[in-house]
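Accompanying notes for the structure given below.
The values are calculated or read from the model by the stated rules, or taken from the named source; none is laboratory data. This one's a predicted model, so the numbers in the text were calculated from it and none came from an experiment. FYI the Cβ positions are ideal-geometry reconstructions off the backbone, even for glycines, and counts take in every protein chain you see. These area figures cover heavy atoms from the full protein model, side chains too; ligands, DNA and RNA do not enter into them. Shrake-Rupley method; radii C 1.70, N 1.55, O 1.52, S 1.80 Å.
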Amino acid sequence: MRSVSTKTPSVSSLLHDCLWPGYRPVDVRREDGILVIRLQARKKQAVCTHCGKLCFKRHGAQLRRAVDAPLYPHQRTIIEYEANRYRCSCGHTCTECPEFIEPRAKVTKNMVLYAQQLLRCAGLTISAVGELTGLSWKTLHELDKAQLKYCYETLDLSDVRNIAIDEFSVHKNHRYATVVLDNDTCRVLWVGRGKSKACVQPFFDKLKERGLCGNIRSVACDQNAAYPSLVRENLTNATIVYDFFHVLANWRRLVLSEAKKRTQQAIAEQLRAQAEQKAKEQNSRLDSKQLKESVKRAVRGLTGIDWMMVRPQDEPDSKKRRERLLETLQKDNALLAALYPITESLRLLWKTKDTEQSYRLLKTIASLLLQINRTYNFKPAKSFALMLKRRSDGIVKAGQYGYSTNRLEGVNNRIKVLKRTAYGYRDMEYFGLKIKSILPGRNVPSMYERLDGVAVIGNHYWSGPWRG
């Protein structure tokens, strides 16, 4: 009677089949603290790449090495195997290629998976992963870029309706990049170098190629001349929405700061005239040092007054400072006192949903600024009033839609942290993919969730045999 073998494979053989399919370890040694494992093929054969037949006639061999995932913590591991060459009956030669490594690669697929999983962890830079794995910075950069391109190179833009566009600083010396954000999901859609029309046009070309230009309802942007003109040329159905943050920043920088400088200059001239008159009456020389100290004490109360005037009135920590501010303005700063109420009117303008009420409020603000210009001969007020009239449609629509670039300003802060963590990025494409990975959008699985236990090699993904 014929007996049936009930022998089960050992745990070690199962482990070898998972780590190195078709090979078995024949030797283990240490070289300079590195674990070197010698592998041997279980079968002496290869598949011909020309005709697809099995080849058995050995034609030569080459000893190769590759970095493998560590079997023990903090223990670098290298596998060593012979890549046999075979001559096929069709006349062509072929080289056997193990399943666990790409042809001519220096890193196994298990090591690619291990390194990419470390690169997906937040807070771990390429340099830190290099210290853990022993791989070079260039190799890890290519592995990380491969998985980022697989996840974020092509995004679905069919459901995008409201976007925001803004620039951020990439390097010093005024080098910028532009980022486009989905205002509904806080998802980064596109990142490109530069902020000119030519630099941002590729994003709109991408929308045209997919036939999605008509889907965009609103575009929130600052007062950069390039962005509104691009929207008018490419997105005929979109409404331009001007951001309150940038308008308020321009209000403080172009109007309030100039008014503060003018007030300080007027105080200094008044004190100097008084000091000269006093010195003339006493028939003595003007003490310039004492005059400088007097001016410094007199204008000390105006320090930071432009910032205080743009802060919301309902902030509890600024209540006492605001009361002192009002007292200072009412005494001897007529220009600043006239400009003070306009800040809250501007803030109310972006909160108003009614179109007619918004236009009336904007007209009132512009009239007040023109009146201030006539009363005090203060040209920045007139320039700001004319700017409000030119961009009245986008400002009124901002209150209706309720969108702005405030979320994009938060995104810019995240980008700055990412840039400082890596000490800057040379590869702009890689930098853009990293930005998309840290801001995939609300209710969207992160890259780690998408590729859990999967390695991206080239333009495809690979999962080990242990995943079933």
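Table for the structure above
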| item | result |
| --- | --- |
| 25 Å Cα-Cα threshold exceeded, pairs from LYS397/LYS434; LYS145/LYS206; LYS149/LYS208; LYS138/LYS197; LYS172/LYS397 | LYS397/LYS434; LYS138/LYS197; LYS172/LYS397 |
| Full-stretch length increase - LYS280, SER392 - with 0.36 nm per residue and alpha-carbon distance subtracted | 34.9 nm |
| Å² of accessible area per residue within the range 42-126, as computed with a 1.4 Å probe and no ligands counted | 57 |
| Å³ per residue enclosed by the Cα convex hull of the range 92-190 | 188 |
| Exposure of ASP166 as accessible area (Å², to 10), given a probe of 1.4 Å and all protein chains | 0 |
| Spin-label pair ASN215/GLU31, simplified geometry with 7 Å Cα→Cβ offset, distance in nm | 5.4 |
| Within the chain, longest stretch clear of exposed chymotrypsin sites (Phe, Trp or Tyr not before Pro) (DSSP loop, no more than 13 other Cβ within 10 Å) | 57-422 |
| Of the DSSP H helices in the chain, those whose Cα atoms cover at least 27 Å axially and whose Kyte score averages -0.5 or more | 355-376 |
| Amide H contacts under 5 Å for ILE101, placed H, 5+ residues apart | LYS109 |
| Stokes-Einstein D in µm²/s, Kirkwood radius over Cα pairs - the range 262-308 at 25 °C with 0.890 mPa s viscosity | 213 |
| Probe 1.4 Å, all protein chains present, accessible-area order of ARG360, ARG414, largest first | ARG360, ARG414 |
| Gyration tensor verdict on the range 223-280 (Cα atoms; rounded if a/c is under 1.5, prolate if a/b is larger than b/c, oblate otherwise) | prolate |
| Point-charge dipole on Cβ atoms (K/R +1, D/E -1) for the range 365-412, about Cα centre, debye to 20 | 220 |
| Portion, in percent, of the accessible area of the range 163-292 that falls on carbon or sulfur, probe 1.4 Å | 47 |
